[in-house]
Amino acid sequence: MTAQAQLKTTVKSAVKHISPGSWRRHPGVRTGEQLTRGERAADSMRNSMGSWGFVFVAVGFLVVWMTLNVILDKSTGHTFDAYPFILLNLVLSCVAALQGAILLIAAKRSDQVASELAQHDYEADCQSREMLQVLTEEFSALRAQHAEQSQQLAELIARLPQA
């Protein structure tokens, strides 16, 4: 097999590995059913707690809680959580404690995803390096073959006027 044929074969095998639309789902990261229940929960909690929707719902809850307590206190004189809102502070403290743990779990999951991406990128870089080395060797062989054929052509051209 000539160097040029080997080069074509190498390029064709490289192109086969590139599938259209592969950028939409990174092959180095586990998703869907490949994840454990805890990993899926961490992803969904991270996505929900790290959103504007969560912020608006939390602020809405606080406004409703405080408004309801103030209205009940003014109309009946009795409320389930008086003005300094001690029960609300307890609830918020508990949520903050749990949210800290949940955010740490989500950060651990993000680190895991980054590690999987880095491993995939490293493997892809190694494959690219090997392919580049093969292509460089093939190009050098083609260059040598071209130089040899150029020399043979020059020799043939030099013989022509003699014939």
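The values are calculated or read from the model by the stated rules, or taken from the named source; none is laboratory data. On a predicted model such as this, the values are computed, not experimentally measured, just so you know. Just so you know, the surface numbers come from the protein's heavy atoms only, side chains and all, with ligands and any DNA or RNA stripped out. Shrake-Rupley method; radii C 1.70, N 1.55, O 1.52, S 1.80 Å.
What segment 81-154 shows is 75 Å² of accessible area per residue, with the surface traced by a 1.4 Å probe over protein heavy atoms. Specify the inter-centroid distance of segment 115-158 and segment 50-64, based on alpha-carbon positions, in whole Å. Here the answer is 60 Å between Cα centres.
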